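Reading through the structure tokens given below for one structure.
The values are calculated or read from the model by the stated rules, or taken from the named source; none is laboratory data. What you see is a predicted model; the values in this text were computed from it and never measured. Every residue, glycine among them, receives a Cβ derived from its backbone with ideal geometry; neighbour counts consider all protein chains shown. Quick note on the areas: whole protein, heavy atoms, side chains included, nothing else; ligands and nucleic acids left out. Shrake-Rupley method; radii C 1.70, N 1.55, O 1.52, S 1.80 Å.
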Amino acid sequence: MKSNEIIESNKTYWNDHADLWFGTTALPVYGVRFPTEDDLHLFGNVAGKKMLEICCGSGHSLKYNAEKGAAELYGVDLSQKQLDNAAKLLKNSGYSAKLICSKMEDELDVPKDYFDYVYSIYGIGWTTDLQGTFDKIASYLKKDGIFIFSWHHTLNYCVAWSCDDRREVFEDDKLVMTKSYYDESYFKMPVHDSEIVLCNRKISTYINALAKAGFAIEQLVEETDEESLKAIGEVDPKTKKAKMMPISFCIKARKL
């Protein structure tokens with residue numbers, strides 16, 4: 001599929017299913033079976049700061065930062081339905097943000113060299129142009145501005161439980177490689193009554209693209225939350241998997 005076809009396919013999914021994801025994976029949550037901002041403190045004090053969220057979804061992360069005293073909030077999302085939900089949430093909560101319906105791959109209608117923070121919670125991996133997106137994000141940030149993003153860990157789509165497909169029984173708690181870590185081709189994934197199109201990029205791909213865009217990595221987090229690690233007895237397969245490998249990852253970088 002071409003880039004514009006991938007974007008349109010995913011846009012259709014989010015416009016049709018935005019309500020099903022209302023409020024999910026938003027700050028202080030960074031990802032699945034993952035430590036929260038309350039644990040990591042990656043943002044620190046955002047009072048008086050200017051903040052731009054890429055893939056702002058239903059607006060819950062914008063609301064979170066508004067409650068922390070952020071001075072200006074901007075949110076960008078591919079889906080107008082997501083933005084409609086965000087606008088309603090923020091208005092009902094007594095907050096406001098400049099919401100922009102746009103592809104993150106495009107040059108956004110936002111000030112350059114302006115923001116203290118740009119962030120994306122489980123959104124940046126949707127881009128079809130990682131380097132171009134990082135380059136643009138760098139242009140929106142002030143010098144020493146912070147970029148924070150989280151996404152599915154690459155290994156999550158490469159590793160699965162070994163099981164007897166006929167009986168769906170796990171075999172001796174073994175995880176097996178089902179996809180090459182080096183395979184960064186796009187793939188279709190069924191979700192609800194539709195499908196999404198994703199690319200499973202290597203961790204090094206993200207890091208190298210950040211470096212090329214002029215960022216210095218301050219922190220790479222590949223962890224599982226304490227609750228999942230300490231879970232005992234019968235647990236769901238995803239928690240069981242998270243006890244052995246990271247399901248999500250998060251990077252904090254600074255614009256040089």
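Taking a ≥ b ≥ c as the square roots of the eigenvalues of the alpha-carbon gyration tensor, region 120-256 is classed prolate because a/c is 1.5 or more and a/b outweighs b/c.
Charged side chains reduced to their Cβ positions (Lys and Arg at +1, Asp and Glu at -1) give region 105-256 a dipole of some 440 debye around its Cα centre. Assuming charge only on the beta carbon of Lys and Arg (+1) and of Asp and Glu (-1), the dipole of region 2-154 about its Cα centre is about 280 debye to the nearest 20.
Spin-label pair Glu107-Leu229: with each label point 7 Å from Cα along the Cα-Cβ axis, the two points sit 4.6 nm from one another.
Here the relative contact order of the chain, from alpha carbon pairs under 8 Å that lie six or more residues apart, stands at 20 percent. For region 28-132, the set of trypsin sites (Lys or Arg not before Pro) satisfying both a DSSP loop assignment and a count of at most 13 other C-beta atoms within 10 Å is given as Lys112.
Projecting the Cα atoms of Gly214, Pro237, Leu155 onto the charge dipole of the chain (Cβ charges, centred on the Cα centre) puts Gly214 farthest toward the positive pole. Other residues within the sphere of radius under 14 Å centred on the Cβ of Ala47, judged by their own Cβ, net out at 0 (K and R +1, D and E -1).
Computed with a 1.4 Å probe over protein heavy atoms only, the accessible surface of the chain comes to 48 Å² per residue. Over 30 Å, how big is the tail of the calculated P(r) for the chain, in percent of all Cα pairs? Value for the chain: 27 percent of Cα pairs lie more than 30 Å apart. Dividing the convex hull volume of the alpha carbon atoms of region 188-256 by its residue count gives 126 Å³ per residue. Rounded to two decimals, the Cα radius of gyration of region 36-140 over 2.2 N^0.38 Å is 1.01.
Per residue, the chain reaches -8000 deg cm²/dmol at 222 nm when only DSSP H runs of four or more residues are counted, each adding -39500 (n - 2.57). Each Lys and Arg adds +1 at its Cβ and each Asp and Glu adds -1 at its Cβ; summed about the Cα centre, the chain shows a dipole of about 600 debye.
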